[in-house]
Amino acid sequence: MKQIGLKLRFQDGYDMAVASGVVQYARAKGDWQVRGQGPWFFSLDQEALSECDALIARIEDDQEALFCASLGIPVVDIAGSSSLKLFSQVRNDDYQTGVSAGTYLKKLGSKNVGWCGVDHVHWARERFVGFASSVSMNPSDIVSFSRPLGWWRQLYEPSVELDAWLQTLKKPISLFCCNDLSAMKVELACQRLSINIPIEVMVLGVDNETLHCELASPSISSIQPDCKTIGYEASAMLDAMLGGRQSGMHIRRIAPGPVTERESTRLVLCEDEQVADALRLIKARATSGLTASDVADEATICRRALEMRFRRYRKRTIWEEITTEKLEQACLLLKQSNATITQISEQCGFGSIHRFYSLFKRAYRMTPSQFRSKKLRF
C-alpha cells in the first residue's frame, strides 16, 4: 500500500476540491492510502510525512519548497508560487485566467481597467500578463495596486494606501483582483469610501470561494479554477513518477472554468444608454422567456432605432443578444450542475429541446451532450 501525502491546509475551497480529485484517482488505484490534515484522511503529522512514498503539495514559498525537497520523495506542486523550480507541477493555467478576466470585462463594455495583485508570486504575475494581453494594453500602462499575500490576508485592516489608490482611479472602472481575498478587501475599502459597486467600480476575483463571494455585499463575481481536475491530474503525474514512466520536470496547466457572475459585475457599460439599459434587462431576464419585442417595449425609442443601435455597438441583433445570454447560462449549468439537458433547456428559456440543440450546435459546433462530456473528461 503506497502512502500518498496531501500537504494542503484545507482552509479554502481550492484545497478541498483538489483533494476531491486526488481521492477520485486514489479510489480507482486501489493501492493508495491518502494522508492529509483533518478527519477525512489518515493522519499526516511530521512522522507520517517522513514515511510517505510521494507527496502532492500546495507549495507557497521557497522555504516550503526546500522542506519538501529535503524529504527525498517524488513531489507534485499544485501552486506554482515558489521561485525555486524544484518539482513537476499541475496547476491552474494562470495566463489563461487573466485572458478570461479581460475577455469577460471587455464584454461588459469596460474601457478603464485596473489590477489588484500579490507581490512576488509567479501565479499572480501570469494572471496579470494574460489580463494585459486580453485588454490589448502594455502591463506598465494598467493602473495597478500590489502587496504581499500576508498584507491581503489582513482583510479587515483599513489601508490608507489602498483607499488613496481607489479614490484616484478614473471611473467607471473594472478591477481584476488576482484572487477572492484581494477582491474582498477592495470591496470593504469601497464601502468605507462610499464608492458604488458595480456602477463606479466593478470587481472580479479568482477562486470562486462560494461562501466568501456570496456573503460579500455586493456578492463577488469570480473565475472558477478547475481544482478537481488539478487534483486528479496531479495524482496521475505522481503515479507515472512512482511507476518509472515519467522522469524530469513537467508542468501541466489546467484551463480555468467560467466566470461565475454575481452582483459586483452585474452591469453593462455602453456609450449608448438605450443599449446599456437593454443589455441590463437581457442579463436579468434572458432565461425567463424574454423576447426582442419585450426589450423594445421597455425602451423609450422605437424598435427599429434600438435594433440599429444594437448593430452599431454590439454587432448583433437584440434576438442574438438574448440567445447568446441564454446559451452562456446553459454552458454554466452543463459544467456545474447535474441537471439533465432537457431540464437545462427549460431553465434557460428555450422553447424546445430541439431548438436548444440546434442553437447550441450552431454556436459551439458540438451538441450539449458533447460539451458536457468534454468538460467531464479527465
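The values are calculated or read from the model by the stated rules, or taken from the named source; none is laboratory data. Everything numeric here is computed off the predicted structure, so don't read it as measured data. Backbone-built Cβ (ideal geometry, glycine too); neighbour counts: all protein chains shown. The protein model used for the area step is the full one, side chains on, heavy atoms only, and it has no ligands, DNA or RNA in it. Shrake-Rupley method; radii C 1.70, N 1.55, O 1.52, S 1.80 Å.
Couplings 3J(HN,Hα) of the range 253-268, computed from phi: 9, 9, 4, x, x, x, 6, 8, 7, 10, 5, 5, 10, 7, 7, 10 Hz, in residue order, whole Hz [Karplus 6.51 cos²θ - 1.76 cosθ + 1.60, θ = phi - 60°; x for Gly and Pro].
Listed values (i) 22.0; (ii) 27.0; (iii) 20.7 include one computed from this model; for mean projected area of the Cα convex hull in nm² that value carries the label (iii). Relative to the longest principal axis of the Cα atoms of the chain, the long axis of helix 94-107 lies at roughly 10 degrees. Residues whose amide H lies under 5 Å from that of Arg316, counting only those 5 or more places away or on a different chain, are Arg311; hydrogens are built 1.01 Å from N in the peptide plane. Scalar couplings 3J(HN,Hα) for the range 120-131, obtained by applying the Karplus form with A = 6.51, B = -1.76, C = 1.60 to θ = phi - 60°, are 6, 10, 5, 5, 5, 4, 5, 4, 5, 5, x, 4 Hz; x denotes Gly and Pro.
Taking 0.36 nm per residue of separation and subtracting the current Cα-Cα distance, fully stretching the chain between Met308 and Ser293 would add 4.0 nm. Against the main long axis of the alpha-carbon atoms of the chain, helix 273-285 sits at an angle near 60°. Please report the net charge: other residues with Cβ closer than 14 Å to the Cβ of Lys315, K and R +1, D and E -1. Neighbour charge sum, excluding Lys315 itself: +3. Cys residues of the chain that find no other Cys beta carbon under 4.7 Å: Cys52, Cys68, Cys178, Cys190, Cys213, Cys227, Cys270, Cys302, Cys331, Cys348. Only the Cβ atoms of Lys and Arg (+1) and of Asp and Glu (-1) were treated as charged; on that basis the dipole of the range 88-138 about its Cα centre amounts to roughly 220 debye.
P(r) for the range 252-349, please, calculated from all Cα pair distances in 10 Å bins and given in %. Once binned at 10 Å, the Cα pair distances of the range 252-349 give 15, 42, 29, 12, 2, 0.
Semi-axes of the equivalent ellipsoid for the range 178-318, computed as √(5λ) from the eigenvalues of its C-alpha gyration tensor and ordered from largest down, come to 41, 22, 12 Å. Once backbone amide H atoms are built at 1.01 Å from N, Arg35 has Ile4, Gly5, Leu6 as its partners under 5 Å, excluding neighbours fewer than 5 places away on the same chain. Surface analysis of the range 257-378 yields an accessible area of 56 Å² per residue, using protein heavy atoms and a 1.4 Å probe. Solvent exposure of the range 80-166 amounts to 44 Å² per residue of accessible area, where only protein heavy atoms count and the probe is 1.4 Å. For the residues Pro148, Pro368, Pro225, a GNM of the chain with alpha-carbon springs under 10 Å puts the largest fluctuation on Pro148. Under a 5 Å amide H cut-off, with hydrogens placed 1.01 Å from N, Leu175 pairs with Gly114, Met202, Val203, Leu204 among residues at least 5 apart or on other chains. Figure legend: label point modelled 7 angstrom from the Cα of Ser247 along Cα→Cβ; residues of the range 49-84 with amide N under 15 Å from it are 74.
Using the empirical formula 2.2 N^0.38 Å as the baseline, the Cα radius of gyration of the range 1-158 reaches a ratio of 1.23. Note on the chain: with neighbouring protein chains present and a 1.4 Å probe, carbon and sulfur make up 50 percent of its accessible heavy-atom surface. Every helix of 4 or more DSSP H residues in the chain counts as -39500 (n - 2.57), and over all residues that averages to -15000 deg cm²/dmol at 222 nm.
In the chain, the longest principal axis of the Cα atoms and the axis of helix 303-314 are about 30 degrees apart. Each Lys and Arg adds +1 at its Cβ and each Asp and Glu adds -1 at its Cβ; summed about the Cα centre, the chain shows a dipole of about 1640 debye. For a modelled paramagnetic label at Val129, 7 Å from Cα along Cα-to-Cβ, the residues of the range 93-120 in reach, with backbone nitrogen under 20 Å, are 93-103, 114-120. When averaged across all projection directions, what area in nm² does the alpha-carbon convex hull of the range 49-129 cover? For the Cα atoms of the range 49-129, the hull's average projected area reads 6.0 nm².
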